[in-house]
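Notes follow once the structure below has been shown.
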Amino acid sequence: MTRVVVSVGTDHHPFDRLIDWISAIQEKLAIDVVVQRGATGAKPGVDSVDYVTAPELAALMQTADAVVCHGGPGTISMAQRAGHRPIVVARDPSLGEHVDDHQMRYAAKLAREGTIEVADSVDELARLLAEPRPVLDAVDHDAAIAEAVGLFASLVDRLLIGELPKRRWRDRFLARRLP
């Protein structure tokens with residue numbers, strides 16, 4: 001049986017839509033679901049907890065076959081670090097699920113890049129969960145951060161010892177004003 005971890009994050013807005021979709025889908029697909037539901041109320045028949053710590057959620061994702069989550073960058077990144085291409089259901093402010101559309105815009109950007117899949121309907125979510133989920137190499141964010149910091153330090157060092165050309169203030173100012 002496919003084990004699915006669902007996370008709605010920690011926002012104070014309820015996310016009933018995602019919990020309703022999961023409830024409908026789990027019976028059709030015979031999937032084992034664990035939901036971190038945050039401020040959303042419990043739904044009969046859906047195994048859920050309100051909140052878990054970040055390490056607990058990461059451990060759940062490590063053992064999952066699929067991850068479904070809201071469009072929060074932290075949760076998406078956690079799923080990717082666990083080796084998943086998460087299925088994202090972004091919170092919609094027009095439904096009272098969030099204060100603005102940043103999750104929708106962020107999810108659309110990541111979907112265009114191919115790093116997540118977005119489900120905009122219960123049918124799309126069911127289709128994505130019915131397909132075999134790709135297993136990705138776990139992302140080593142610590143190594144990527146260390147590499148970026150090292151590159152930045154190298155550029156600063158080169159600038160300070162005069163290896164990189166310095167631009168005059170006037171040149172920088174004028175460059176920003178050009179179309």
Practice problem: From the list Asp20, Asp50, pick out the single residue that is at pLDDT 95 or above, among the charged types (D, E, K, R) and closer than 23 Å to Glu131 by Cβ. | Solution: Asp20
Quiz item: Can you pull out the residues in region 54-71 that are surrounded by 16 or more Cβ atoms within 10 Å (Cβ to Cβ), out of contact with any Asp or Glu (no Cβ under 8 Å at 6 or more places or on another chain) and not hydrophobic (A, V, I, L, M, F, W, C)?
Solution: Asp65, Gly71
Practice problem: Assess whether Arg158 counts as being more than 30 Å from Ser23 (Cα to Cα), part of a helix (DSSP H, G or I) and at pLDDT 80 or above. | Solution: yes
Quiz item: Which pairs do you get when a residue that is among the small types (Gly, Ala, Ser), found in region 47-62, comes within reach of a residue that is surrounded by 14 or more Cβ atoms within 10 Å (Cβ to Cβ), reach meaning Cβ atoms under 7 angstrom, with the pair 6+ apart or on two chains?
Solution: Ser48/Val35; Ser48/Arg37; Ala58/Met78; Ala58/Ala82
Practice problem: Specify which of the listed residues (Gly38, Gly83, Gly9, Gly72) is farther than 16 Å from Ala126 by Cα and in contact with a His (Cβ under 6 Å, 6 or more places away or on another chain). | Solution: Gly9
Self-check item: Total residues in region 27-40, condition assigned to a strand (DSSP E or B) and of a type in the set (D, E, K, R)
Solution: 1
Exercise. Provide a single number: the residues in region 126-146 that are at pLDDT below 75, closer than 21 Å to Ala59 by Cβ and open to solvent by 60 Å² or more (accessible area, probe 1.4 Å).
Key: 5
Quiz prompt | Residue list for region 72-98, restricted to those being within 13 Å of Gly9 (Cβ to Cβ) and either open to solvent by 10 Å² or more (accessible area, probe 1.4 Å) or not aliphatic (A, V, I, L, M) (or both) | solution = Gly72, Pro73, Gly74, Thr75, Ser77, Met78, Pro86, Ala90, Arg91, Glu97, His98
Self-check item: Hits in region 12-52 - residues which are under 19 Å from the mean Cα position of the chain (by Cα) and open to solvent by 40 Å² or more (accessible area, probe 1.4 Å)
Solution: His12, Pro14, Asp16, Arg17, Arg37, Ala39, Asp50, Tyr51, Val52
Quiz item: So which of Asp50, Asp65 is closer than 17 Å to Pro86 by Cβ, in contact with a Lys or Arg (Cβ under 7 Å, 6 or more places away or on another chain) and not aliphatic (A, V, I, L, M)?
Solution: Asp65
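The values are calculated or read from the model by the stated rules, or taken from the named source; none is laboratory data. Being a predicted model, the structure only gives us computed values, none of them experimental. Don't worry about glycine lacking a Cβ; one is built from the backbone with ideal geometry, like all the others, and counts go over all protein chains shown. Accessible surface areas use protein heavy atoms only, side chains included; no ligands, DNA or RNA. Shrake-Rupley method; radii C 1.70, N 1.55, O 1.52, S 1.80 Å.
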